[in-house]
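Reviewing the structure listed below.
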Amino acid sequence: MWQYTAPSLAFEHPFLLNAIISIAALHTAKTSPERRDMAEVHRTYFNTAISQHRDAVRDLSVANAEAVCLSSILISLPAFILLQNTEVGSYSPPLQLFRLQAGTVKMFQTALPLVPHTSEVNAIMAAAPIVQDFINESKRDIYRAPFKNLVRWRAADEIVSAESQEAFSVALGFIGYILTAIESGQHDVFHIRRLLYSVPNIIPSAFVKRLQDNDPRALTILAYYFSLFKAADGIWWMRGIAEREVLGIQSILPEQWQWAVAWSLQKLASFAASTLPGMST
C-alpha cells in the first residue's frame, strides 16, 4: 500500500503528495542531523498538506476518500515524532497526541465507507492486530493484575470518581495487554508498534481530561504506557520517546507518587536490555 498505492494516488491528489514529501523530509532530518535544511522543508510541505487536506475533507467524496485516509495517517505521525523533543525539565503531558489521534479516528469513520471495497486502504483496518479485538480482549481482569497495588492504593485526600476509575481501568487494560504481548515473545515489533500506536485513538476522553488536569494517577498510568515504547523504539519515529516521557512525568509527580512511577523505570531498564524481532527496522 505504501510502496505503490499511496505514491500513485499522490500524483492525483496534491495534499497526499505534500504529506508524503513532508514525512520524507522529517525522516531525513531525524536520521541525518547534518541535513539541517530538512526540518524547514518538512514544515513547509507539512503546512501545505494540512491546508490542502482540510479542503479535501470539506469536499470528501468517493473520488478522494482513499487519499484522505492515507494523508490522515501521515499527518498524525508527527504527533509521535515531536515527542522526541520533549523537555524533561518543563514537562507537560502530550495532550495534542491524544486529540490529533482522536480526530484521525473520526476522519476514518467518515471516509472509510466511501473507499471502494477493492482498495488497498482497507488493509489498514484488516491488518493484525485488529483494534476492536484489542479493545475487547483488554477488558479481561488478567491484564490489570500487574497494577493491582496502584488500583487499590489512594493518595492522601485523593478522590477518584466513577467515571475516572473506569477510564483508568480501561487504560490499564490496554497497557497490560501490550505488556503481555511484549513479554510473551510471541509477537514481532510491528505488532507491538501497532498496538502502541492505537492507544491514543481509543483511550477514553475522561482519561485525557484527567491528564489535562495533571492528575497524578493519570500521569502515572501514562508513564506506564510510554515505558512500553522502549520495547519497540528501534525505528526513527519512536526512538527516545520512552525515556523522555517517563522521566518527564517522574519530574512533575508529587513525592508520594514516586513509588508508583518506579514500575515504569524498571520497564525502561528491562526493555533496553532485550530486543524484539524486527527491532532494527
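The values are calculated or read from the model by the stated rules, or taken from the named source; none is laboratory data. The shown structure was predicted, so the numbers you read here are calculated from the model rather than taken from an experiment. No Cβ is skipped: glycine too gets one built from the backbone with ideal geometry, and neighbour counts run over all protein chains shown. For the accessible areas, the whole protein counts, side chains as well, though only heavy atoms, and no ligand, DNA or RNA atoms are used. Shrake-Rupley method; radii C 1.70, N 1.55, O 1.52, S 1.80 Å.
Computed values, structure above
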| quantity | calculated |
| --- | --- |
| For the range 104-189, accessible area per residue (1.4 Å probe, heavy atoms of protein chains only), Å² | 58 |
| Accessible area, probe 1.4 Å, largest first, for residues Val160, Val189 | Val160, Val189 |
| Exposure ranking of Arg239, Arg244, Arg193 by accessible area [1.4 Å probe, largest first] | Arg239, Arg244, Arg193 |
| Residue-by-residue Karplus 3J(HN,Hα) for the range 68-79, coefficients 6.51, -1.76, 1.60, Hz, glycine and proline x | 5, 4, 5, 5, 4, 5, 5, 5, 7, 4, x, 4 |
| Between the range 226-260 and the range 125-199, the alpha-carbon center distance in angstrom | 16 |
| Of the trypsin sites (Lys or Arg not before Pro) in the range 32-93, those whose Cβ has at most 13 other Cβ within 10 Å and which sit in DSSP loop | Arg35, Arg36 |
| Charged-residue dipole, Cβ positions (Lys, Arg, Asp, Glu), the chain about Cα centre, Debye nearest 20 | 260 |
| Percent RCO, i.e. relative contact order, over the chain, from Cα pairs under 8 Å lying at least 6 residues apart | 19 |
| Neighbourhood net charge (14 Å Cβ-Cβ; Lys/Arg +1, Asp/Glu -1) for Pro113 | 0 |
| Cα extents of the chain along the three principal axes, largest first (Å) | 58, 43, 36 |
| Per-residue ³J(HN,Hα) for the range 44-49, Karplus 6.51 cos²θ - 1.76 cosθ + 1.60, θ = phi - 60°, Hz, x for Gly and Pro | 4, 6, 5, 4, 5, 4 |
| Estimated FRET transfer efficiency when R0 is 22 angstrom, pair Gln256-Glu87 (beta carbons, to 0.05) | 0.35 |
